[in-house]
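Right, one structure below, let's go through it.
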Amino acid sequence: MASKDKPAPKIPGPKIPAPPSPPSLAAAITLQPTPWPWRKAIGAPIATGIAMGLGLSLGHFSWAMWAFMGAFTSMYVVPLPYGPRARRLLAVGLGLAAAMAVGSLAAVSWWTMAMGLGVVAGLGTFVTGAYEVPLPAGFMFVLVACIAAALPVHPTLTPLRVGFALAGAALAWLVGMAGWGWHPRRPEQQTVTRALDALAAYAAHKGAPGGFRTEAQAGEAVAAAELATAPLARLRHGGARAARLVLLVHEARRLFDALALDAESPPRQTHPDRIQRAARSVAGRALPKSASEPDRDPIGRAIGRVERVLGFRGRWPGLVPVARAWQPTTGERLTAAWGRTSLVRIDALRIALAVVAGTALAGVLGEAHPYWVPLTIAAVLQGHGVMGMAKRAIQRVAGTTVGLALAGALFVWHPMPWATVVAMLALQFLLLLVILTNYGLSVVFITALALVIIVTEVHGPVWPLLWARWVDTLGGVVLASLALWWLWPRDASRRLPAAVGDVVDRSGSLWRLRLRGSAPDPATVARLGAAACTLGTLSTDAAAEWQRSRPLERLWPTIVGAQRLAWAVRAGACRPDADEASGDTWAAAFNCLASAARAGSLPEPLHLPRSGTAPTVREALLALAHSLTRAASAPTEGSVAGPESEKPTRA
């Protein structure tokens, strides 16, 4: 019988990093070290000012306010290539106009308002989640619908309001696309630069606490760069700049694979600095300084290839062939967002139900301004998990309090219409400048903006409105907290086994192509990367759940093993090696581990061929089998460890 002092057997393979830690409440008042978005902060008020000037020139201040809400489209200007950016801004402008129509028409009674705002919140959250739209994501649609519901009820004015909202959105579209004429490749350059910056951070933190988070961020950044440069790979005569960007992304992917596969030893001290210099050279003419001596490690050789690509000045005919990148269709995005491993569907259903319930409760209680409650609910539920929601709640209450004080000072001043326009443009500028630094600071300015619009339209007493806004904010925070506690509170943790199974399944599909001697299919490669990134996102969201109710620690070695298997397969599949004789053995191993991951059961013993061409994949499969065995043998939450938990592992 084994001694009690004997240590537990270690999982074979590289060292397992520490799991992600839950977000701290101190982050609610922490300023994030992000660059100031000067272009966006200046461009958005320009579009808004033109739109509001159009309304003022026609002699109707209300028209200027309606155009202002359509000009919120400028808040969705992100460094996307100009083609996808044009389509996204068009969709956002139409969505904001539709939210304006729904809010105006639904304001006739509290129950129609509840249903209308719930539909806007649910659809906005689902669509922006499916397309991975960053903050403010679906919140601005809810904001526009709530402001429209607060306006005087005149259904006959709805077409006019929608028309001015569309005019403001059109102006915001023009401003957002203004850079296309003189620097059409700037968004792609920014995306590639961010990918190299993320790789530098990954190399710097490799093997350290928090290294898994930087690994996930680097994988997502490289995948985003592949999507951004995919149209350039289809150009026949894209020029030297386009060719260099495509090759850079290709080599950035190979560098990520080298970093992910070399998990035994941390990279050299010079590696992060070299990658950082390469990132700074993407948009400039200065080339990074290459290593003084030849690189003998895989990571150094991958960095050297990136440095050589930065010196490329040729055109397409002399390029090394690069596989055409794959882009998901609209149907594939929506299907994936509704899938079993995605949290987008749950987030959309939760926020829709909470908004309907909050608006209905405010209406039943006779609230004079029931639209403030759903607005607060939508803002708080943008956070993930209990800890993320708590951070958002603190930021919302504190930011709203300061924003009410700022709005009260503005109303005491009694500004003229043109002065009100200037004040609103200043508030929007500050909002966009700090929204990435700290959400609580942005709440200050967005609260003041919404109040200025409503007070200007309603012409009622100001101080009762400010008090009601503060009380409704507290009520919205309470209702959002209850919604997060009652509606799928542990959904991220419950989806982790299925996400691990999907990563293993997609790894097996790609590996079968390699054994047939076929070149990797871009769609299969991209889907494997997306599944691995989804698993990382679910792990981060599970860490934000209530600590007593999450099985993340038990599944963490399995999650890391699945991630490493995905990177090993992706790197090995780039070197096709026909071996159909052992194909059935490899396929059985992948299917066995995928089924065991989904069911939480013990995997069958693996009998893998000792192939000299795939040692890393073989080691990754064995390590994953060992971690699955340990996870299945460990006592689950609420159970008592007994003799069954002391059985020896079988991997």
Cβ-based net charge around R506, under 15 Å, with every Lys or Arg adding one and every Asp or Glu removing one: +3
Exactly which trypsin sites (Lys or Arg not before Pro) in the stretch 337-437 are in a DSSP loop and have at most 14 other Cβ atoms within 10 Å? R340
Taking V127, V477 and ranking on accessible area (1.4 Å, protein atoms only), highest first, one gets V127, V477
FRET efficiency (W486, T456; Cβ distance; R0 35 Å; to 0.05) is 0.40
Starting from the residue with the highest accessible area, list V142, V397 in decreasing order, probe 1.4 Å. V397, V142
For a label point 7 angstrom out from the Cα of H414 toward its Cβ, which stretches of the stretch 461-486 have the backbone nitrogen within less than 16 Å? 461-463
If the chain between S109 and L90 were fully extended at 0.36 nm per residue, the gain over the current Cα-Cα distance would be 3.7 nm
How do the peptides 359-365, 30-36 rank, highest first, by the average count of neighbouring beta carbon atoms within 10 Å per residue? 359-365, 30-36
Calculate, for T329 and R516, the FRET efficiency according to 1/(1 + (r/R0)^6) with r their C-beta to C-beta distance and R0 22 Å; round to the nearest 0.05. 0.25
Largest first, what is the accessible-area ranking of S481, S507 with a 1.4 Å probe? S481, S507
Cβ-based net charge around A28, under 11 Å, with every Lys or Arg adding one and every Asp or Glu removing one: +3
Counting sequence-distant residues (5 or more places) and residues on other chains, those with an amide H built under 5 Å from that of L436 are none
Which whole-Hz couplings ³J(HN,Hα) result when phi for each residue of the stretch 595-605 is put into the Karplus expression 6.51 cos²θ - 1.76 cosθ + 1.60, θ = phi - 60°, listed in order with x for Gly and Pro? 5, 5, 5, 5, 8, x, 10, 6, x, 5, x
Modelled label-to-label distance, N591 and R340, 7 Å Cα→beta-carbon offset: nm? 1.7
Dipole size in debye (nearest 20) for the stretch 125-255 around its Cα centre, Lys and Arg Cβ +1, Asp and Glu Cβ -1? 380
Suppose R0 equals 41 Å. What FRET efficiency, 1/(1 + (r/R0)^6) with r the Cβ-Cβ distance, do V364 and E132 give to the nearest 0.05? 0.65
Suppose the chain between L436 and A240 were pulled fully straight at 0.36 nm per residue; how much longer would it get relative to their current alpha carbon spacing? 67.2 nm
Report the gain in length on full extension from W38 to T270: 0.36 nm times residue separation, minus Cα-Cα distance, nm rounded to one decimal. 80.3 nm
Per-residue accessible area for E132 at 1.4 Å probe radius, Å² rounded to 10? 140
Would you check the accessible area of M424, probe 1.4 Å, heavy atoms only, in square angstrom rounded to 10? 0
Using Cα centres only, tell me the gap between the stretch 136-154 and the stretch 466-519 in whole Å. 27
Using the per-residue mean of other Cβ atoms lying within 10 Å as a proxy for protection, in what order, highest first, do the peptides 144-153, 464-473, 177-186 fall? 144-153, 464-473, 177-186
When you count, for each residue, the other Cβ atoms within 10 Å and take the mean per peptide, how do 106-113, 189-196 rank with the highest first? 189-196, 106-113
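The values are calculated or read from the model by the stated rules, or taken from the named source; none is laboratory data. Everything quoted here is computed from the prediction, not taken from an experiment. Ideal geometry is used to build each Cβ from the backbone, glycine not excepted, and the neighbour counts take in all protein chains shown. With ligands, DNA and RNA removed, areas are computed over all heavy atoms of the protein, side chains included. Shrake-Rupley method; radii C 1.70, N 1.55, O 1.52, S 1.80 Å.
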